[in-house]
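Notes follow the structure.
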């Protein structure tokens with residue numbers, strides 16, 4: 001199991017629990033989508049919008 005988070009291009013070091021939790025949450029979400037093939041690699045990208053005040 002390899003889990004990596006980059007924020008603004010810098011890697012965030014994860015301890016075992018958050019790494020396993022993120023892995024299982026994302027995999028569980030993907031399995032609920034009933035994909036045609038089993039995921040081998042998943043790339044998830046989030047672009048955070050600035051909050052409007």
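Taken together, the values in this text are just the output of simple stated rules run on the coordinates, not laboratory data. In this text, all values refer to a predicted model and were calculated from it rather than measured experimentally. Quick reminder, even Gly has a Cβ in these numbers, built from the backbone with ideal geometry, and neighbours come from all protein chains shown.
Summary table below
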| item | result |
| --- | --- |
| Cα-Cα P(r), the chain, percent of pairs per 10 Å interval | 18, 45, 29, 8, 0 |
| With Cα atoms, 0 to 90° folded angle of helix 16-32 axis to the chain main axis | 60 degrees |
| Fully extended contour minus Cα-Cα distance, from residue 2 to residue 44, at 0.36 nm per residue | 13.8 nm |
| Set of the stretch 39-53 residues, backbone N closer than 19 Å to the point 7 Å along the Cα-Cβ line of residue 33 | 39-48 |
